[in-house]
Amino acid sequence: WAEDLVYTSSSGGRFGKSEIMDNLAGPPAEDESQPVYSSENVNIRVLGDIAVVTFRLVATDPAGDTDTEFFNTGVFERRDGQWKAFTWQATRIPEADGE
């Protein structure tokens, strides 16, 4: 993450790198179930020192019977030889009718 990151969450919240890093509190407690994340349809477009990444993020609950899906878009810039995300957008994909 770039220091000047603007992250827009699927719930509409907007924050930066420090808030993301503050939420990385370490591994969950043994009795705390966490979703398993995977990605689908990853597309990367490199335009010089800018790259745009789009993908579908799938969060599967630990029991494996429910998925929550999100469209994600990240814009990266190569800064001092490192790729840094400076803009990120996550959008929750609504469940299909009848699910």
Subject >> In segment 62-93, the residues that are of a type in the set (S, T, N, Q) and within 20 Å of L5 (Cβ to Cβ) >> reply: N72, T73, Q82, T87, Q89, T91
Original post:
Where residues in segment 53-77 are open to solvent by less than 40 Å² (accessible area, probe 1.4 Å) and over 19 Å from Q34 (Cα atoms), which of them is nearest to the chain's Cα centre (by Cα)?
Top reply: N72
**OP:** Go through segment 83-99 and count every residue that is surrounded by fewer than 15 Cβ atoms within 10 Å (Cβ to Cβ) and over 16 Å from T8 (Cα atoms).
**Re:** 6
Subject >> Hits in segment 33-80 (condition: farther than 24 Å from P94 by Cα, among the β-branched types (V, I, T) and touching a residue at least 12 places away in the same chain (Cβ under 8 Å)) >> reply: I50
**OP:** Could you tell me whether D80 is open to solvent by 70 Å² or more (accessible area, probe 1.4 Å) and in contact with a Lys or Arg (Cβ under 6 Å, 6 or more places away or on another chain)?
**Re:** no
Original post:
A59: small (G, A, S), farther than 19 Å from L5 by Cβ and part of a strand (DSSP E or B), yes or no?
Top reply: yes
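Kindly establish whether V6 is open to solvent by 80 Å² or more (accessible area, probe 1.4 Å), among the aliphatic types (A, V, I, L, M), at pLDDT 95 or above and under 13 Å from the mean Cα position of the chain (by Cα).
Numbers: open to solvent by 80 Å² or more (accessible area, probe 1.4 Å): no; among the aliphatic types (A, V, I, L, M): yes; at pLDDT 95 or above: yes; under 13 Å from the mean Cα position of the chain (by Cα): yes.
No: the conditions fail for V6.
The values are calculated or read from the model by the stated rules, or taken from the named source; none is laboratory data. Everything numeric in this text was worked out from a predicted model, so none of it was measured. As a convention, Cβ positions derive from the backbone with ideal geometry for all residues, glycine included, and neighbour counts pool all protein chains shown. Just so you know, the surface numbers come from the protein's heavy atoms only, side chains and all, with ligands and any DNA or RNA stripped out. Shrake-Rupley method; radii C 1.70, N 1.55, O 1.52, S 1.80 Å.
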